[in-house]
1. Report every pair of residues separated by at least 6 positions or lying on different chains whose Cβ atoms are under 7 Å apart, first residue within segment 116-138 and over 14 Å from Asp20 (Cα atoms), second among the polar types (S, T, N, Q) and part of a helix (DSSP H, G or I).
2. Mind checking whether some residue in segment 156-169 is surrounded by fewer than 14 Cβ atoms within 10 Å (Cβ to Cβ), modelled with pLDDT of 65 or more and in a helix (DSSP H, G or I)?
3. From Arg38, Arg56, Arg60, which residue is among the basic types (Lys, Arg), over 12 Å from the mean Cα position of the chain (by Cα) and at pLDDT 95 or above?
4. Go through (1) out of contact with any Asp or Glu (no Cβ under 8 Å at 6 or more places or on another chain); (2) surrounded by 21 or more Cβ atoms within 10 Å (Cβ to Cβ) one by one and return the number of the condition Pro8 breaks.
5. Of the residues in segment 33-54, how many are part of a helix (DSSP H, G or I) and touching a residue at least 60 places away in the same chain (Cβ under 8 Å)?
6. Applying the selection to segment 103-155, what residues are under 21 Å from Arg63 (Cβ atoms), crowded, with 18+ Cβ neighbours inside 10 Å and β-branched (Val, Ile, Thr)?
Amino acid sequence: MGQHTTPPVDLRLVQIYLSDHLTGASGVISRVGWMVERYAGTSAEPVLLRLLEELRQERRVVRGLADHLGVRLSPWKPVAAVAAERAGRLKVNGRLTSKSPLSLHLELEALRSGISGKRSLWATLEVWSGTLRLDRARLVALRAQADDQVRAVDELAERVRTVALATEAAVPDVTADASPI
């Protein structure tokens with residue numbers, strides 16, 4: 001791939017972009033942390049634990065990039081994202097007393113969307129890496145890591161998709177089965 005030529009950078013736009021991605025990361029990390037607890041003991045747990053650690057590390061990278069570029073990230077947006085994520089847990093899942101297989105399916109769809117957005121962050125910063133004096137190879141590696149994360153979520157979703165819309169009687173009991181639902 002050839003070297004891209006970029007126009008002069010508007011650091012205010014970089015600040016907004018990084019703040020928005022930090023906000024999204026905070027909401028996604030909050031949701032994945034909750035999913036780790038909710039699906040403890042299932043086959044989803046190890047995948048979610050790995051994702052959680054990687055997402056936390058990537059959030060530190062975004063903060064480090066902001067420091068490197070001398071831009072101040074919004075302190076309140078990530079807090080609002082976590083609050084919104086927690087409020088989102090209260091949504092009705094169609095079942096009053098049990099987990100719904102649709103819940104994990106929707107959570108995985110949302111997680112995939114968040115990871116895809118983050119992948120776009122790394123790709124965009126890669127294009128601007130010369131102008132911003134960023135480590136292009138590191139950004140390429142982060143984009144590849146996001147691709148691996150999408151594959152891991154897709155593999156989980158593939159299993160959940162087969163029961164996402166099933167009647168309660170057709171779904172295995174998660175307390176007796178190590179399935180992801």
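The values are calculated or read from the model by the stated rules, or taken from the named source; none is laboratory data. Quick caveat, the model's predicted, so the values are computed rather than measured. Counting neighbours? That spans all protein chains shown, and the Cβs are built from the backbone with ideal geometry, glycine included.
1. Taking only residues 6 or more apart or on different chains, the pairs are Arg136/Ser129.
2. yes
3. Arg60
4. So the condition that Pro8 fails would be (2).
5. Going residue by residue through segment 33-54, those that are part of a helix (DSSP H, G or I) are 33-38, 44-54.
Filter once more, keeping what is touching a residue at least 60 places away in the same chain (Cβ under 8 Å): 35, 38, 44, 47, 50-51, 54.
Final tally of qualifying residues: 7.
6. Ile115
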